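Below: one structure, written as structure tokens.
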Amino acid sequence: MRFDVLTLFPELFPPFLAAGVTRRAFDSGQVLVRLWNPREHAQGNYRRVDDRPFGGGPGMVMLAQPLAACVAAVKADRDDGAPVVLFSPVGHRLDHAAVAGWSASAGAILVCGRYEGIDQRFIDSHVDAQLSLGDFVLSGGEIAAMALLDAVARLQPGVLNEAGSHEADSFNPAIDGLLDCPHYTRPEEWAGRKVPAELLSGHHAQIERWRRERRLEATARLRPDLLAAARGAGRLDARDEAYLACLGPGSPAGL
């Protein structure tokens, strides 16, 4: 797949693409990333990419023309009808289902906004989808673009050390959509805290049940909405419901 990133700060991306386990996806070409600077498509001697907003107010607004010209150049280079995605606070919140969808796609053209925003006329005429990381504002879309690229890259075959290791991640509806369980490693006792005995038992069924109950407990306490969704989708069995019922009001799970 291929992602073309429109950014005024392309220098932010090379260190990210060369670090961590996900670099395997970028090095191998499983996820191809190309960087485009709208400033190179701006008009005039100063190659301006922003101006003051009509109606007054603080900040600057990115001009429609350089972005449109840059998108046109990308589309001519790709020639595959890739969707144009803008990272924006008004966009749909990025979640596991969306990441899984993008990881199975041919990619997209990612637009990283800056300043106070982007001329709405560009958005209306060129943007196919808007995505958000959450209810907060960043100084630009580059971090959001990196988040999407990282999440997509780690789902590609062979990127993680162990095949299928991402399948038990939090939010994965292919399992149950619940939060992940706690994890422990050596030593068996650290700072007076011991690893739960179940994980040391060598009894695989007991270990898996312990992990399941911790997932249920954490989700009930921290994200009851995910628990309700799992219940509605039929992903909880009678044993799960019995465990949740035993937690009761005032329990550590907060039910």
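The values are calculated or read from the model by the stated rules, or taken from the named source; none is laboratory data. Just so it is clear, the structure is predicted and the values come from calculations on it, not from any experiment. Because the Cβ atoms are built from the backbone with ideal geometry, glycine has one as well, and the counts that use them run over all protein chains shown. The protein model used for the area step is the full one, side chains on, heavy atoms only, and it has no ligands, DNA or RNA in it. Shrake-Rupley method; radii C 1.70, N 1.55, O 1.52, S 1.80 Å.
Per-residue ellipticity at 222 nm for the chain, helices alone: DSSP H runs ≥ 4 residues times -39500 (n - 2.57), over residue total, nearest 500 deg cm²/dmol?
Numbers: 10 runs with 95 residues, N = 255.
Dividing the helical sum by the residues of the chain leaves -10500 deg cm²/dmol.
Could you give the nm distance between label points at residue 203 and residue 125, where each point is 7 Å from its Cα heading toward the beta carbon?
6.9
Just name one of 5, 195, 178: the one whose Cα is farthest towards the positive end of the charge dipole of the chain (beta-carbon charges, Lys/Arg +1, Asp/Glu -1).
The Cα lying farthest towards the positive end belongs to 195.
Accessible area per residue of the stretch 1-135 at 1.4 Å probe, in Å²?
Numbers: 7060 Å² over 135 residues.
Per-residue value: 52 Å².
If I model a spin label at residue 52 and residue 193 as a point 7 Å from the Cα along the Cα→Cβ vector, what separation in nanometres do I get?
5.5
Accessible area of the chain with a 1.4 Å probe: how many percent of it is carbon plus sulfur?
So the carbon and sulfur contribution to the accessible surface is 54 percent.
Between residue 239 and residue 93, what's the calculated FRET efficiency when r is the beta-carbon distance and R0 is 30 Å? Round to 0.05.
0.40
Running a GNM on the chain with Cα contacts under 10 Å, which residue among 40, 142, 188 ends up with the highest mean-square fluctuation?
It is 188.
Label the stretch 65-137 by shape, choosing from rounded, prolate and oblate, from the square roots a ≥ b ≥ c of the eigenvalues of the Cα gyration tensor; if a/c is under 1.5 it is rounded, and otherwise prolate applies when a/b is larger than b/c, oblate when it is not.
It comes out oblate by the Cα gyration axes.
List, in order, the whole-Hz ³J(HN,Hα) value for each residue of the stretch 107-118 obtained from phi through the Karplus relation with A = 6.51, B = -1.76, C = 1.60 and θ = phi - 60°; use x for Gly and Pro.
In residue order, the calculated couplings are x, 6, 9, 9, 9, 9, x, 8, 6, 6, x, 10 Hz.
Given 5 Å bins starting at zero, what is the percent of C-alpha pairs of the stretch 1-145 in each, up to the one with the largest pair distance?
Calculated P(r), rounded to whole percents: 2, 9, 18, 23, 23, 14, 7, 3, 1, 0.
Positive end of the charge dipole of the chain (Lys, Arg +1 and Asp, Glu -1 on Cβ, about the Cα centre): tell me which of 85, 61, 16 has its Cα farthest that way.
Comparing the listed Cα positions along the dipole, 16 ranks first.
Which of 178, 160, 222 ends up with the largest GNM mean-square fluctuation for the chain, with Cα atoms connected below 10 Å?
Ranking 178, 160, 222 by mean-square fluctuation puts 222 first.
Charges only on Cβ, +1 for Lys and Arg, -1 for Asp and Glu: so what's the dipole of the stretch 175-234 about the Cα centre, in debye to the nearest 20? It would help to have the intermediate numbers written out before the result.
Numbers: 11 positive and 9 negative charges, 16 e Å.
My answer is approximately 80 debye.
Tally Lys/Arg at +1 and Asp/Glu at -1 over every other residue whose Cβ is under 13 Å from the Cβ of residue 25; what's the total?
+2
Is there a quick way to get the dipole size of the stretch 75-135? I mean about its Cα centre, with the Cβ of Lys and Arg at +1 and of Asp and Glu at -1; what is the value in debye to the nearest 20?
Values: 5 positive and 9 negative charges, 12 e Å.
My answer is approximately 60 debye.
Between (1) 153; (2) 165; (3) 195, which matches volume of the Cα convex hull per residue in Å³ calculated for the structure shown?
Correct label is (3).
Any idea what the dipole of the chain comes to, in debye rounded to 20, about its Cα centre with Lys/Arg Cβ at +1 and Asp/Glu Cβ at -1?
240
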